[in-house]
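Written out below as structure tokens is the structure these notes cover.
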Amino acid sequence: MNKNKQCSLLSGINNPNFQIYIMGTLSRLQVYMGRRKVLLPVAMVLSAMSALAGMLPYIFIWLIVKALFTVGEADASGVIRTYAWWAVGTAVGGIFLYFLALMSSHLAAFRVEANLRREAMRRIIRMPLGFFDGNTNGRIRKIIDDNASITHTFLAHQLPDLAATVLMPLFTIGLILAFDWRLGLVCLIPVVVSMVLMQTMMTGKSRAFMQDYMTSLEEMNTEAVEYVRGIPVVKVFQQTIFSFKNFHKSIMNYKKMVSMHTGLWEKPMSAYSVIINAFVFLIAPVAILLIEYSGDYASVLLNFFLYVLLTPVFSICIMRSMYLSQALGQASEAIDRFDRLTSYEGLQVDSSPQSVNAYGITFDKVVFRYPGATQNAIDGLSFSIPAGKTVALVGASGSGKTTIARLVPRFWDTTEGRVMLGGVDVRRIAPEELMNKVSFVFQNTRLFKTSLLENIRYGNPEATPEEVERVVDQAQCRDIINKQPAGLNTLLGTEGTYLSGGEQQRIVLARAILKNAPVVVLDEATAFADPENEHLIHQALKELTKDKTVMMIAHRLTSITDADLILVIEKGKIAEQGTHDELLEKKGIYLTMWNEYQQSIAWTIRKEAKHA
Ligand SMILES: Nc1ncnc2c1ncn2[C@@H]1O[C@H](COP(=O)(O)OP(=O)(O)OP(=O)(O)O)[C@@H](O)[C@H]1O
Ligand SMILES: [Mg+2]
């Protein structure tokens with residue numbers, strides 16, 4: 001919430017800031033309403049009519065009492081019966097109108113909720129793929145779900161009350177001044193005093209509260225999700241207390257926020273409740289004085305009775321306006337949060353994209369810095385991979401290999417310099433075409449919770465059953481399929497089959513082979529696999545990379561010895577380059593890495609032999 005939009009929770013609906021604020025929030029929400037926009041004013045009018053109709057029974061009851069006092073006993077029962085029917089009728093009418101109001105507001109609110117979700121998905125689909133690094137799918141879902149449902153509650157339930165909350169006190173003031181202005185003024189004293197008191201005590205104090213409150217709520221929710229997700233790791237490492245720390249901290253933070261806020265309200269709220277309910281103590285002596293003064297015992301008592309019935313309306317309205325402004329604050333903050341999540345700049349799409357016909361990759365003085373980072377992850381990198389050749393990237397952890405690989409399919413755009421495919425800057429290629437031309441297999445590539453067939457066909461939805469069968473063999477997946485009860489139609493994931501890491505990799509490779517893109521980017525495709533799986537994965541990789549332009553990252557150096565070019569990356573720069581043999585001869589970083597790698601293999605073999 002920015003400062004001029006903020007309003008204290010109690011500043012009330014007559015505050016001009018509040019009016020600007022509510023109009024601003026409403027116009028932002030209206031965008032998502034489409035043609036159902038008209039339903040909101042309809043709901044507000046119906047709700048106002050319902051509120052007024054709801055007050056009529058009080059007047060009829062007062063008229064009944066009046067009839068009892070003034071009309072002769074013989075006539076009284078007929079008049080009373082008429083008034084009683086009117087009281088019942090207006091009460092039922094009020095309820096019916098409110099029902100219609102809620103129906104209209106719900107129709108509008110559901111549309112907003114649905115459109116917000118749709119719009120979120122539309123924007124998120126256009127995000128650079130790197131966006132999903134910093135925003136886990138749990139967090140994205142939570143922000144969209146929570147904020148969509150907050151706007152629903154506000155529009156469907158609280159907003160219809162707005163008109164009633166404005167009209168009811170005005171109507172009541174009119175009534176109480178019309179019957180006996182002296183008693184009326186006395187009734188208004190505690191109302192005015194309590195409102196002024198609240199306003200002066202609260203204004204300013206609760207500013208920015210809503211933002212802090214929702215931030216801490218969001219943190220707590222995210223931490224809860226992270227905690228539950230991490231439970232298997234926590235159990236393995238026996239780290240109960242430690243892992244609980246962040247979640248615990250977020251709960252305590254939330255508790256502190258809420259306690260502080262409740263504390264802030266304690267005194268004003270108590271004073272407010274006492275004063276607003278004290279009107280009876282004020283009007284009773286005034287009524288006694290009036291009786292003495294006018295001598296009209298019956299009519300003063302009658303009016304007194306009406307005021308006791310009507311004055312609590314103010315209290316109800318003030319409470320409602322409090323909830324309303326609170327809900328408004330939340331709704332406005334919800335749209336802010338939603339916008340913040342999705343305002344991330346989507347990929348710029350060239351208005352006259354160029355198509356590519358050649359598939360060499362060129363990095364031209366590429367600099368890349370992650371959003372918010374202080375150092376460049378890639379720092380002036382230039383190299384070329386001729387079409388059909390394989391380049392391998394090696395280097396220490398954090399040297400920038402994954403980042404380089406991800407710049408090719410535009411997970412991110414470069415900060416400086418160009419990445420080119422077939423001589424065309426990747427930013428000038430239509431995103432769909434780029435995605436069609438590049439296959440990328442990352443270690444954490446996911447399988448969908450659907451059938452094996454669908455998972456593979458994702459690479460090319462138009463593939464024929466024969467083509468799918470062929471890639472199943474090429475990706476060495478035959479044994480996986482044969483093991484499954486329903487073959488290719490076996491469902492994966494929840495309620496379905498689970499595959500090992502290596503098996504999943506092979507299915508992912510089958511998908512990539514089916515896609516048959518001319519450029520292949522591979523990041524640590526064999527990292528999770530056991531030796532048997534590793535061998536099969538290698539076979540699958542051979543099929544995938546045949547005649548393709550390949551950029552591969554492999555921690556197992558044996559798998560890249562026949563690469564056309566090996567780049568040794570250090571701090572986002574090329575430290576050494578050449579073929580495997582050339583690099584060994586240079587006796588530099590690569591030789592050290594190679595020796596260490598040989599030692600680790602020897603160590604693994606010795607260990608396995610010992611256990612055999
Ligand atoms: N999403 C991100 N946001 C900010 N910084 C990042 C992000 N991903 C990576 N980095 C940083 O960029 C640098 C390069 O990381 P990168 O993942 O490319 O290294 P890597 O060579 O692939 O390492 P590894 O061998 O461990 O996979 C590191 O300093 C890392 O902390
Ligand atoms: Mg990496």
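The listed residues are PRO461, PRO485, and the only one of them that is within 31 Å of the chain's Cα centre (by Cα) and not small (Gly, Ala, Ser) turns out to be PRO461.
Which of the residues that make up segment 399-421 are within 13 Å of VAL367 (Cα to Cα), in contact with a Leu (Cβ under 9 Å, 6 or more places away or on another chain) and away from ligand 2 (no atom under 16 Å from the Cβ)? Result: ASP413, THR414, GLY417, VAL419. For the condition in a helix (DSSP H, G or I), out of contact with any Cys (no Cβ under 8 Å at 6 or more places or on another chain), at pLDDT below 80 and more than 30 Å from GLU223 (Cα to Cα), PRO285 does not qualify.
For ALA540, the criteria (1) within 16 Å of ligand 2 (Cβ to nearest atom); (2) at pLDDT below 90 hold in every case but one, which is (1). When the residues of segment 319-377 are narrowed to those that are within 16 Å of ligand 2 (Cβ to nearest atom) and either touching a residue at least 24 places away in the same chain (Cβ under 8 Å) or of a type in the set (S, T, N, Q) (or both), which ends up surrounded by the most Cβ atoms within 10 Å (Cβ to Cβ)? Going through the qualifying residues, I end up with PHE368.
On inspection, GLY130 passes the criterion of being crowded, with 16+ Cβ neighbours inside 10 Å, over 26 Å from ALA164 (Cα atoms) and assigned by TED's automatic domain parsing to the domain that holds SER299. Only a single item in (1) surrounded by 15 or more Cβ atoms within 10 Å (Cβ to Cβ); (2) of a type outside the set (Asp, Glu); (3) within 16 Å of ligand 2 (Cβ to nearest atom); (4) on the phi > 0 side of the Ramachandran plot is not met by VAL394, and it is number (4).
Looking at ASN444, ASN436, just one residue is away from ligand 2 (no atom under 16 Å from the Cβ), of a type outside the set (Lys, Arg) and surrounded by fewer than 21 Cβ atoms within 10 Å (Cβ to Cβ), and that residue is ASN436.
Here's the yes/no breakdown for (1) free of Cβ contacts under 8 Å to residues at least 12 places away in the same chain; (2) over 30 Å from ARG118 (Cα atoms); (3) not aromatic (Phe, Trp, Tyr):
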position	(1), (2), (3)
GLY24	no, no, yes
GLY34	no, no, yes
PRO41	yes, no, yes
LEU46	no, no, yes
ILE59	no, yes, yes
LYS66	no, yes, yes
THR70	no, yes, yes
ARG81	yes, yes, yes
ALA84	no, yes, yes
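Quick check: anything in segment 501-508 under 24 Å from THR464 (Cβ atoms), touching a Cys at 6+ places or on another chain (Cβ under 8 Å), assigned to a helix (DSSP H, G or I) and touching a residue at least 60 places away in the same chain (Cβ under 8 Å)? Yes, segment 501-508 contains a residue that is under 24 Å from THR464 (Cβ atoms), touching a Cys at 6+ places or on another chain (Cβ under 8 Å), assigned to a helix (DSSP H, G or I) and touching a residue at least 60 places away in the same chain (Cβ under 8 Å). Comparison of ALA405, ALA373 shows that the only residue that is within 13 Å of ligand 1 (Cβ to nearest atom) and more than 19 Å from GLU576 (Cα to Cα) is ALA373. Do we find a residue being surrounded by fewer than 14 Cβ atoms within 10 Å (Cβ to Cβ) and in contact (Cβ under 8 Å) with a residue 12 or more places away in the chain anywhere in segment 103-115? There is no residue in segment 103-115 that is surrounded by fewer than 14 Cβ atoms within 10 Å (Cβ to Cβ) and in contact (Cβ under 8 Å) with a residue 12 or more places away in the chain. All told, GLY380 falls short of being surrounded by 18 or more Cβ atoms within 10 Å (Cβ to Cβ), away from ligand 2 (no atom under 14 Å from the Cβ), in the same structural domain as LYS515 (by TED's automatic domain parsing) and over 30 Å from the mean Cα position of the chain (by Cα).
Residue count for segment 422-435, restricted to those that are assigned to a loop (DSSP other than H, G, I, E, B) and either closer than 16 Å to ILE361 by Cα or within 16 Å of ligand 1 (Cβ to nearest atom) (or both): 3.
The single residue among SER315, SER321, SER325, SER299 that is small (Gly, Ala, Ser), in the same structural domain as VAL186 (by TED's automatic domain parsing) and within 19 Å of TRP181 (Cβ to Cβ) turns out to be SER299. Step by step: first the residues of segment 329-370, then only those that are at pLDDT 80 or above and within 16 Å of ligand 1 (Cβ to nearest atom), then the one that is farthest from THR151 (Cα to Cα). Which residue is that? Taking the candidates together, the pick is PHE363.
The values are calculated or read from the model by the stated rules, or taken from the named source; none is laboratory data. Computed from a prediction, not measured in an experiment: that's the story for all the values here. Cβ coordinates were reconstructed from backbone atoms using ideal geometry, including for glycine residues, and neighbour counts include every protein chain displayed.
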